[in-house]
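Scroll down for the structure; my scribbles are underneath it.
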Amino acid sequence: MPAAGGTRVAMIDDTAGRVAEAMEPALRLEDFLPYRFNVCSNLVSTALSRIYAERYRIGVPEWRVLVTIGQFGMMTAKAIGAHSCMHKTKVSRAVALLENRKLIGRKANRDDMREAFLSLTPAGREMYDELAPIATRFADRLLDSIDAGDRAALDRALKKLTQRCGELVADIANQRRPR
């Protein structure tokens with residue numbers, strides 16, 4: 001009797017040459033879009049991080065904080081976390097490491113003493129200026145496998161999916177709130 005969402009399929013047991021009855025899974029992970037995005041994201045992060053980890057001795061969270069500040073100039077840790085979709089503890093640890101290495105500095109926010117404005121030091125700016133073209137070349141190499149017309153479609157699809165994911169996060173958070 002098939003389980004909910006599954007259908008019966010015949011599978012050959014290679015060791016005994018017998019046919020065994022099994023259930024086709026209701027969810028095949030390798031066909032599941034969120035899983036595929038996660039695998040792709042992890043492979044991209046791993047490949048890119050090997051470039052900057054070797055040369056600059058920083059990890060993924062530190063790289064994200066550094067390039068986010070490099071892009072925007074001065075930001076709070078909270079704003080960095082929101083922009084890069086990083087949890088506040090990861091941002092905090094990355095900020096501490098980058099501060100210890102004198103790559104970023106902090107300036108108190110007079111309007112809210114609980115937070116500070118973070119910016120690149122001259123050494124941090126130098127690192128960012130070296131890293132930015134390396135990251136851009138990496139992204140270009142990544143996209144070399146996709147035709148030009150498909151790149152535009154991929155960009156549109158990613159923008160739509162990112163927007164939809166944000167909506168789903170908000171919808172799910174609102175469903176969990178007590179009434």
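The values are calculated or read from the model by the stated rules, or taken from the named source; none is laboratory data. Predicted, not measured: the structure shown is a model, and the values here were computed from it. Note that each Cβ is placed from the backbone with ideal geometry, even for glycine, and that neighbours are counted across all protein chains shown.
Please determine whether any residue of the stretch 95-116 is among the polar types (S, T, N, Q) and either at pLDDT 85 or above or under 28 Å from the mean Cα position of the chain (by Cα) (or both). For the stretch 95-116, residues among the polar types (S, T, N, Q) and either at pLDDT 85 or above or under 28 Å from the mean Cα position of the chain (by Cα) (or both): present. Search the stretch 83-95 for residues that are farther than 16 Å from Gly166 by Cβ and pair each with any residue that is among the β-branched types (Val, Ile, Thr) when their beta-carbon atoms are under 7 Å apart and the residues are at least 6 apart or on different chains. If the second residue must be among the β-branched types (Val, Ile, Thr), the pairs left are Val91/Val65; Val91/Ile80; Ala94/Val65; Val95/Val65; Val95/Ile104. Against the test of being out of contact with any helix residue (DSSP H, G or I) (no Cβ under 8 Å at 6 or more places or on another chain) and within 11 Å of Pro61 (Cβ to Cβ), the options Ala108, Ala96, Ala82, Ala123 yield a single qualifying residue, Ala96.
Filtered by the rule that a residue be surrounded by 11 or more Cβ atoms within 10 Å (Cβ to Cβ) and within 21 Å of the chain's Cα centre (by Cα), the stretch 140-156 gives Leu142, Leu143, Ile146, Arg151, Ala152, Ala153, Leu154, Asp155. For the stretch 67-90, state whether one or more residues are more than 18 Å from the chain's Cα centre (by Cα), within 30 Å of Ala157 (Cβ to Cβ) and surrounded by fewer than 12 Cβ atoms within 10 Å (Cβ to Cβ). No, the stretch 67-90 has no match at all. Here is a check on your reading of the model: is Asp150 without any contact (Cβ under 8 Å) to a residue 24 or more places away in the chain, of a type in the set (D, E, K, R) and in a helix (DSSP H, G or I)? Yes: the conditions hold for Asp150. Just wondering, is there one or more residues in the stretch 109-129 that are in contact with a Gly (Cβ under 9 Å, 6 or more places away or on another chain), part of a loop (DSSP other than H, G, I, E, B), charged (D, E, K, R) and surrounded by 10 or more Cβ atoms within 10 Å (Cβ to Cβ)? Checked against the condition, which is being in contact with a Gly (Cβ under 9 Å, 6 or more places away or on another chain), part of a loop (DSSP other than H, G, I, E, B), charged (D, E, K, R) and surrounded by 10 or more Cβ atoms within 10 Å (Cβ to Cβ), the stretch 109-129 yields no hits at all.
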